[in-house]
Ligand code: BGP
C-alpha cells in the first residue's frame with residue numbers, strides 16, 4: 001500500500017517533552033519540577049526502576065538539595081533550551097508540519113502557587129512558537145507531560161489534592177491567552193492513564209508508605225479529568241479556533257489463547273485502558289472502572305458538579321502513544337514474560353521485541369486505530385511512535401539506523417491501511433525527533449531521535465547534533481505525503 005491514503009493537511013511531525021529535552025532546569029527563574037529530582041543520581045546508579053518511579057519524601061529532599069547537574073540526565077536533557085534555534089532549523093529542513101512539545105509548568109509558575117507568572121519562561125515559549133510559525137510548523141502543545149512544580153508535590157501531595165485543579169487552570173489560562181494565535185492544538189495531560197500505573201510520574205503522588213497508593217492515584221486521576229475538562233472549556237472561551245485533545249497511552253491487549261476466559265481477560269484489560277478515553281471523549285466514567293473501585297475498596301471523592309463538568313467538556317480529538325502491544329491471560333504465570341521496564345507482559349511468540357523487551361507490532365497500530373475510531377468516531381492523532389535503540393556512531397560520525405527506518409515504515413504503512421479503511425487520522429509525530437532522555441529508564445542512550453545528540457548517560461559529550469539515516473528517510477516520506485513508504 002502506498003501512502004497516498006494520508007489526507008490533505010496531514011500533520012507530519014516529531015514529538016518530545018520539556019522534561020526530557022530542555023535541560024536548563026534552573027535557568028531564568030524556572031522552579032524545580034518532579035522530573036528534576038527523580039532520578040537524582042547518575043543513570044548508571046539506578047537499580048530498581050519501580051523504586052525510582054515511587055520516590056519517598058527523603059529521596060526527594062536529598063535530590064532537591066543536590067546542586068548543579070548532579071541530577072543528570074533530566075536536569076540537562078538534550079540541551080534543547082540552549083540549542084532550540086538550531087533544532088528548529090533542522091526540523092524545518094526535515095519539512096515537518098507539526099511539532100509536539102510540552103510546556104514546563106515550572107517555567108511559568110516556578111512553585112505552582114506563585115502570585116505572578118515568570119515572564120522569562122513565558123517569553124521563551126513565545127519565541128519558540130513564533131519561530132515555528134515562521135517555518136509553517138504547527139505547535140501541538142501538551143500542558144502537562146510528566147511534569148509539575150515540585151512544590152506542589154511536596155507541599156500539596158500532587159494531584160491527589162483538589163486544590164491543584166485551580167492552580168492548573170490558572171496556569172493554563174495564562175498560556176492559552178499568551179499563545180493565542182500561535183498555538184491552536186492543545187493536549188491537556190500526557191498519557192493520562194500513567195497516573196494509576198506510576199502515580200509519581202503521572203500525578204506527582206509520593207510513596208509515603210501509607211499503603212493507600214491506589215486510592216490516592218485514582219483520586220489524582222479524577223482531579224486531572226476535572227482539570228482537563230475545565231481547561232477544555234476555558235480554551236474554547238479564550239480561543240474559538242483552539243482544538244483540544246486528550247492523550248492516552250494505548251495499550252492494546254491480545255488474549256494469550258482463544259480460551260474465552262483469556263479473551264474476556266484481554267477485553268477487560270483493553271476496557272480498563274480505554275476507560276480513560278471514555279471519560280474524556282464520551283464524558284462519563286464507564287461501569288468497569290466503578291466496579292474496579294468497589295472491588296478494591298477505592299473511594300473517589302467527587303464534588304456534585306464534577307459529573308456535569310466531565311459531560312459538558314469533552315475533547316475535540318483523541319491523541320495517543322503507541323509503541324507495543326501486550327498479552328493478557330487469566331493465569332499469566334503459565335507464560336514467559338518480556339519487557340524489562342515499566343511494562344512486563346507475557347511474551348507474544350509471533351512478535352520480535354526491541355532491545356528493551358517491547359513487542360514490535362505494526363499491525364497492532366492498525367488494530368488500535370480501527371478500534372478507537374469505531375468506539376469514538378472522533379479524529380485521532382498518533383502523537384508518539386518510535387523505536388528506542390542504542391545507536392552506534394560510525395567512525396565518520398554517521399548513524400545508520402536502518403532498524404528505526406524499518407520500524408517507522410512498517411507502522412506508517414499500517415496507519416495508511418487504517419486511513420484507507422476510513423479512519424479519520426489527523427497526524428503522526430515520531431517520538432523523539434532529536435535524542436532525548438528516556439522517560440522510564442532515564443537513559444540518554446535509549447535513543448529515539450532522527451537526529452543524534454552527542455551526550456551519554458552521565459551527561460558527557462558535546463551535545464552536538466547529527467542527522468541519522470532516518471532523518472533523510474522521513475524527509476522523503478513527508479515530501480511525498482507518504483507515497484514513498
Ligand atoms: C511515553 C512517554 C514519553 C516517552 C515514551 C518512550 O510513555 O509519553 O515521555 O519517553 O513513552 O518511553 P521511554 O522513554 O521510557 O522509552
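General remarks:
- Within the stretch 92-113, the residues that satisfy the criterion of being farther than 25 Å from residue 199 by Cβ and surrounded by fewer than 22 Cβ atoms within 10 Å (Cβ to Cβ) are 92, 93, 95, 97.
- Hits in the stretch 431-454 (condition: modelled with pLDDT under 95 and within 7 Å of the ligand (Cβ to nearest atom)): 438, 439, 440, 441, 446
- Residue check for residue 213: out of contact with any strand residue (DSSP E or B) (no Cβ under 7 Å at 6 or more places or on another chain), surrounded by fewer than 24 Cβ atoms within 10 Å (Cβ to Cβ), more than 17 Å from residue 105 (Cα to Cα) and modelled with pLDDT of 95 or more: no
- Any hit, the stretch 410-430, residues being surrounded by fewer than 23 Cβ atoms within 10 Å (Cβ to Cβ), within 16 Å of the ligand (Cβ to nearest atom) and either more than 14 Å from residue 319 (Cα to Cα) or at pLDDT below 95 (or both): no
- In the set (1) buried (at least 22 other Cβ atoms within 10 Å of the Cβ); (2) more than 16 Å from the ligand (Cβ to nearest atom), residue 396 fails one condition alone, (1).
- Unique match (being more than 28 Å from residue 304 (Cβ to Cβ) and either over 21 Å from the mean Cα position of the chain (by Cα) or free of Cβ contacts under 8 Å to residues at least 24 places away in the same chain (or both)) among 262, 212, 278, 269: 262
- Residues in the stretch 38-51 that are in a loop (DSSP other than H, G, I, E, B) and either at pLDDT 90 or above or within 13 Å of the ligand (Cβ to nearest atom) (or both): 39, 46.
- One residue stands out in the stretch 10-37 among those that are within 13 Å of the ligand (Cβ to nearest atom) and more than 18 Å from residue 447 (Cβ to Cβ): the one that is surrounded by the most Cβ atoms within 10 Å (Cβ to Cβ), namely 35.
- Residue pairs whose Cβ atoms lie under 6 Å apart, separated by 6 or more positions or on different chains, with the first residue in the stretch 136-147 and closer than 21 Å to residue 437 by Cα and touching a residue at least 40 places away in the same chain (Cβ under 8 Å) and the second in a loop (DSSP other than H, G, I, E, B) and more than 11 Å from the ligand (Cβ to nearest atom), are 147/104.
The values are calculated or read from the model by the stated rules, or taken from the named source; none is laboratory data. Note that the coordinates shown come from a computational prediction; the quantities given were computed from them, not determined experimentally. We place every Cβ from the backbone using ideal geometry, glycine too, and count neighbours over all the protein chains shown.
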